[in-house]
Amino acid sequence: MAETKTVHSPLVTYASMLSLLSLCPPFVILLWYTMVHADGSVCQTWDYLKQHGLQGFINIWPRPTAIAWKIIACYAAFEAALQLLLPGKRVEGPVSPEGNRPVYKANGVAAYVVTLVTYLSLWWLGIFDPSIVYDHLGEIFSALIFGSFIFCVFLYIKGHLAPSSTDSGSCGNIIIDFYWGMELYPRIGKNFDIKVFTNCRFGMMSWAVLAVTYCIKQYEQNGKVADSMLVNTILMLVYVTKFFWWEAGYWNTMDIAHDRAGFYICWGCLVWVPSVYTSPGMYLVNHPVNLGLQLALSILAAGILSIYINYDCDRQRQEFRRTNGKCLVWGKAPSKIVASYKTTSGETKTSLLLTSGWWGLSRHFHYVPEILAAFFWTVPALFNHFLPYFYVIFLTILLFDRAKRDDDRCRSKYGKYWKLYCEKVRYRIVPGIY
């Protein structure tokens, strides 16, 4: 069994775990309450809490209801069935530290199309009204908070009793094991990959489903959809479409290939993504802004361009890896560093580090258009309230932390080659600044 390497020091892990456990669930509820019942105003919620104290907070926390559990169960079962049953190309993930190579079925685009077509058809045919989801959103988030915690306990126990591969094991500390996870690639049976389900098919899919839900809710409420809501929904859907189009590439990223399936990543995908990532749209339901055609189209174009650049960064690196560097990057042969490293079993392997194209601008340039895209789908809300921008701020902190973690990991993996790479590509994220 592999020994777990903690990603941060135990002190940072304890601090982040305790804050995640104690602050994130109430934050999700307060975010929903503020967006839906307090006019999007942080001050209004703050005044309410000041006046009513802890009891006031307990009063606004919705209890998970039968309908909330039913909605979650139907959605989860539907997505799990699509993941298992839809046909898809066989794709291999990267070789793990223990030398395992996970195999996936790439059917994300099909699952995405089937999900949205089914959801819209149910609404169109009058079988299910998506505004029910919005009306019970607080109860759904509340159920997700508790349900996901139980799911993480299941992952912890499974990691101890029945790990799916040798990429698993304990670091000897129950809190760190629970938080960072026991297994890198947990599966149920041979084919049902838990991380693909939590991160992609539940988390990212819920983003698209809720974006559509908010749009439909505004339409049913006002008889029309404001241009601000359309820009927000289109950009979110373009982003999620890009994600599923590139899903096999996502399986090579830190989330899947390096972060184990623990509370940090699974609770985040099951609760934080549906609540926080979709929050600009949640705000716009009751705050329609009329941008006018020119402004709306400008924001839309800037957002689509950002998403395209983000996609092209990932595509460029994927193509470079797939062809082993024998491809063109921006019309010419790529510049690269050939780096060798040792696996935990002592084998020596080589990797190619791309130092031209988007990847010559900075080591994590793809985060710049990602943050800009989030800004462009939030900015239709204009600047009356601060809260819609929470996601953009959170995303910036998350990606800067991730870039640092990735750099630290690569430094220890590649040693002198990484030093050479950093001399060639000097900036971490923002060219010329950081």
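The values are calculated or read from the model by the stated rules, or taken from the named source; none is laboratory data. What you see is a predicted model; the values in this text were computed from it and never measured. Counting neighbours? That spans all protein chains shown, and the Cβs are built from the backbone with ideal geometry, glycine included. For accessibility, only protein heavy atoms count, side chains too; no ligands or nucleic acids. Shrake-Rupley method; radii C 1.70, N 1.55, O 1.52, S 1.80 Å.
Based on DSSP H assignment, which helices of the chain show an axial Cα extent of at least 20 Å together with a mean Kyte-Doolittle hydropathy greater than or equal to -0.5?
Numbers: long enough: 10-37 (39 Å, 1.40); 66-85 (28 Å, 1.49); 108-124 (24 Å, 1.46); 137-161 (35 Å, 1.64); 205-222 (26 Å, 0.10); 227-245 (26 Å, 1.19); 293-322 (42 Å, 0.02); 390-414 (35 Å, -0.26).
The answer, listed by residue number, is 10-37, 66-85, 108-124, 137-161, 205-222, 227-245, 293-322, 390-414.
Given a cut-off of 22 Å, name the pairs among LYS105/LYS336; LYS326/LYS419; LYS190/LYS413; LYS336/LYS419; LYS70/LYS105 whose C-alpha atoms lie farther apart than that in the structure shown. Walk me through the numbers before you get to the answer.
On the way: LYS105/LYS336 31 Å; LYS326/LYS419 24 Å; LYS190/LYS413 30 Å; LYS336/LYS419 14 Å; LYS70/LYS105 28 Å.
Listed pairs above 22 Å: LYS105/LYS336; LYS326/LYS419; LYS190/LYS413; LYS70/LYS105.
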Next on the checklist: Given R₀ = 35 Å, what would the calculated FRET efficiency be for LYS224 paired with TRP46, taking r from the Cβ atoms and rounding to 0.05?
Outcome noted: 0.60
Checklist entry - How large is the Kirkwood hydrodynamic radius of the stretch 298-434, in angstrom, based on all distinct alpha carbon pairs? => result 16.5
Checklist outcome for this item: The relative contact order of the stretch 224-322, taking Cα pairs under 8 Å that sit 6 or more residues apart, comes to a percentage of 57
Checklist entry - Once label points are set 7 Å from the Cα along Cα→Cβ at both LEU398 and LEU352, what is their separation, rounded to one decimal in nm? => result 3.1
Item to check | Carbon and sulfur %, accessible surface of the chain computed with the full protein complex present, 1.4 Å | outcome: 66
Checklist entry - Hey, got the dipole for the chain? About the Cα centre, +1 on K and R Cβ, -1 on D and E Cβ, debye to the nearest 20? => result 1600
Next on the checklist: Given the DSSP H assignment, sum -39500 (n - 2.57) over each helix run of at least 4 residues in the chain and divide by its residue total; what's the result at 222 nm in deg cm²/dmol, nearest 500?
Outcome noted: -19500 deg cm²/dmol
Item to check | Taking the chain and dividing mean pair separation by its residue count, relative contact order in percent (alpha carbons under 8 Å, at least six apart) | outcome: 17
Item to check | Solvent-accessible surface ranking, highest first, for PHE141, PHE390 at 1.4 angstrom | outcome: PHE390, PHE141
Checklist entry - Placing +1 at every Lys and Arg Cβ and -1 at every Asp and Glu Cβ, with all other atoms neutral, what dipole size does the stretch 129-198 have around its Cα centre, in debye to the nearest 20? => result 320
Next on the checklist: Averaging the inverse of every distinct alpha carbon separation and then flipping it gives the Kirkwood radius. What is it for the stretch 1-156, in angstrom units?
Outcome noted: 19.4
Checklist entry - Rounded to the nearest whole Å², what accessible area per residue is found for the chain with the 1.4 Å probe? => result 45
Item to check | Within the stretch 338-434, trypsin sites (Lys or Arg not before Pro) in DSSP loop having at most 11 other beta-carbon neighbours inside 10 Å | outcome: ARG426
Checklist entry - When Rg is the radius of gyration of the Cα atoms in the stretch 45-119 and Rh is its Kirkwood radius, what does Rg/Rh come to? => result 1.28
Item to check | Counted charge near TYR214, where neighbours are those whose Cβ lies closer than 13 Å (Asp, Glu -1; Lys, Arg +1) | outcome: -1
Checklist outcome for this item: Expected field for GLU98, accessible surface area in Å² at 1.4 Å probe radius, rounded to 10, holds 70
Item to check | Extension gain from LYS326 to SER412, taking 0.36 nm per residue of separation minus the Cα-Cα distance | outcome: 28.3 nm
Next on the checklist: Modelling each spin label as a point 7 Å along the Cα-to-Cβ direction, I'd like the ALA301/LEU382 distance in nm, to one decimal.
Outcome noted: 2.2
Checklist entry - Per 5 Å bin, what percent of the C-alpha pairs of the stretch 284-369 does each bin hold, from zero upward? => result 3, 12, 17, 15, 13, 11, 9, 6, 5, 5, 3, 2, 0
Checklist outcome for this item: With every protein chain in place, the accessible area of ILE393 for a 1.4 Å probe, in Å² rounded to the nearest 10, comes to 80
Checklist entry - Using a 1.4 angstrom probe and counting only protein chains, how large is the accessible area of SER356 in Å², to 10? => result 20
Item to check | Extended-chain gain in nm, criterion 0.36 nm per residue less alpha-carbon gap, TRP245 and PHE27 | outcome: 75.3 nm
Checklist entry - Taking R0 as 56 Å, what's the FRET efficiency between SER345 and HIS37 from their Cβ-Cβ distance, rounded to 0.05? => result 0.50
Checklist entry - When the solvent-accessible surface of protein heavy atoms is calculated with a 1.4 angstrom probe, in what order do LEU328, LEU387 fall, highest first? => result LEU328, LEU387
Item to check | Distance cut-off 29 Å, percentage of C-alpha pairs in the chain lying past it | outcome: 49
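Would you mind calculating the gained length between LEU122 and ASP135 on full extension (0.36 nm times residue separation, minus the Cα-Cα distance), in nm to one decimal?
Result for the pair: 3.0 nm of gain on full extension.
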